[in-house]
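The values are calculated or read from the model by the stated rules, or taken from the named source; none is laboratory data. Just so you know, these numbers come straight off a predicted model, no measurement behind them. Here the Cβ is made from the backbone with ideal geometry for all residues, glycine too, and neighbour counts use every protein chain on show. Only protein heavy atoms, including side chains, enter the accessible area calculation; ligands, DNA and RNA are left aside. Shrake-Rupley method; radii C 1.70, N 1.55, O 1.52, S 1.80 Å.
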Amino acid sequence: MGAFSVILTGQSLIKHDIRHVRDDGFQTVVDFLGQGDLVFTNFESTILGAHGGWPTKGKYFSYATPDTLDCLKGIGVNALSLANNHAFDLGPGGVLSTLQEVDARGFLYAGIGKSEAEAARPGRCRTRGRDVALVAMDAGPGPSNMYAEDGDAARPARPGVNRLKTTRKLEIPSPPFDAFAGMVEALRSSDLELANYAQPEDPQAVDPANELDAFGTIYRRAGKWGRKVEVDPHSLQQHLGQISHAASAGEFVIAYLHHHHWEPDWRDVPHWVQTLARACVDAGAGLFVSHGAPVLQSLEI
């Protein structure tokens, strides 16, 4: 088997054609991309196309037209993650249009789908004699309705993003925790009130002695102030299973994560992401890639 190279780029948030840019620095980048067998980016947008759509956000709203994908193709990109916080900016219509347009152009892609099962399915291609699989997931935070969902007798399937379920917990030492618990009780936060929110989540399981679910955020009694993200074990195993299955079939697996659970210093890689990356590698991934914080973070080999 011959040499095989993967080139990773930052996030692609382009909104206009850049193929005709005449700049030496840009040309250097394009020439470099041309050396890769697989050139990967996170397409941080959604396509306004045949299925239409409507804005689901206010200030941080974004979409692109199909020729943006031609632009990426033209500068050498051939692999896309579509799992990110902008993939649902036009709702289900944008998801369907994006699927249609990336499929028509022959990209390797993963991370969205017409249902949860389809969104979780790895993208696959063969290049330079190598079978490649891409598993792409988003860990939020994001509203529940942006994530793909399977249908049942009572609900149709929902197109959306492939979700890695996480819970964010804010840690508060005692006695401030006890004072905060009194405030929450006085404000009468309840499951019924949570259900009235514009983007409701089901009430989350908490340890009643040491945790509070206050208006959709979990606060935990701890020895010091902190922020913690916990990955749902069932959700994690579902994604690791996809990686393991592809790797056992001899595919080179790329595991991708998008999230906005940033550390106060964006350059720091959260501990839970490091743990997830190693779990993906242990399951068979040859490469783990992550975007979200708009800075260059560390590399581990």
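Of note:
- Members of the stretch 94-105 that are open to solvent by 10 Å² or more (accessible area, probe 1.4 Å), in a helix (DSSP H, G or I) and touching a residue at least 12 places away in the same chain (Cβ under 8 Å): LEU96, LEU99, GLN100, GLU101
So that you can scan it fast, the table gives a plain yes or no per residue for (1) within 30 Å of GLN238 (Cα to Cα); (2) open to solvent by 40 Å² or more (accessible area, probe 1.4 Å); (3) under 28 Å from the mean Cα position of the chain (by Cα); (4) free of Cβ contacts under 8 Å to residues at least 60 places away in the same chain:
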position	(1), (2), (3), (4)
ALA133	yes, no, yes, no
PRO156	yes, yes, yes, yes
ARG168	yes, yes, yes, no
ASP178	no, yes, no, yes
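- Count of the stretch 236-260 residues which are crowded, with 23+ Cβ neighbours inside 10 Å and in a loop (DSSP other than H, G, I, E, B): 1
- Considering residues of the stretch 92-126 that are of a type in the set (Val, Ile, Thr) and in contact with a helix residue (DSSP H, G or I) (Cβ under 8 Å, 6 or more places away or on another chain) only, the residue farthest from ALA50 (Cα to Cα): ILE112
- Within the stretch 138-154, being touching a helix residue (DSSP H, G or I) at 6+ places or on another chain (Cβ under 6 Å) and buried (at least 20 other Cβ atoms within 10 Å of the Cβ) holds for one residue alone: ALA148.
- Within the stretch 203-235, restricting attention to residues that are among the aromatic types (Phe, Trp, Tyr) and in contact (Cβ under 8 Å) with a residue 40 or more places away in the chain, the residue that is most open to solvent (accessible area, probe 1.4 Å) is TRP225.
- Meeting the requirement of 2 or more residues that are β-branched (Val, Ile, Thr) and either open to solvent by 40 Å² or more (accessible area, probe 1.4 Å) or in contact (Cβ under 8 Å) with a residue 24 or more places away in the chain (or both), the strands (runs of 3 or more DSSP E) wholly within the stretch 1-81 are 6-12, 38-43.
- Looking across the stretch 242-301, the residues that are among the hydroxyl-bearing types (Ser, Thr, Tyr) and closer than 17 Å to PRO141 by Cα come down to TYR256, SER290.
- Residues of the stretch 261-301 classified as at pLDDT below 95, closer than 16 Å to VAL6 by Cα and either among the hydroxyl-bearing types (Ser, Thr, Tyr) or open to solvent by less than 40 Å² (accessible area, probe 1.4 Å) (or both), total: 0
- Of all residues in the stretch 118-159 being touching a Leu at 6+ places or on another chain (Cβ under 6 Å) and small (Gly, Ala, Ser), the one that is nearest to SER248 (Cα to Cα): GLY123
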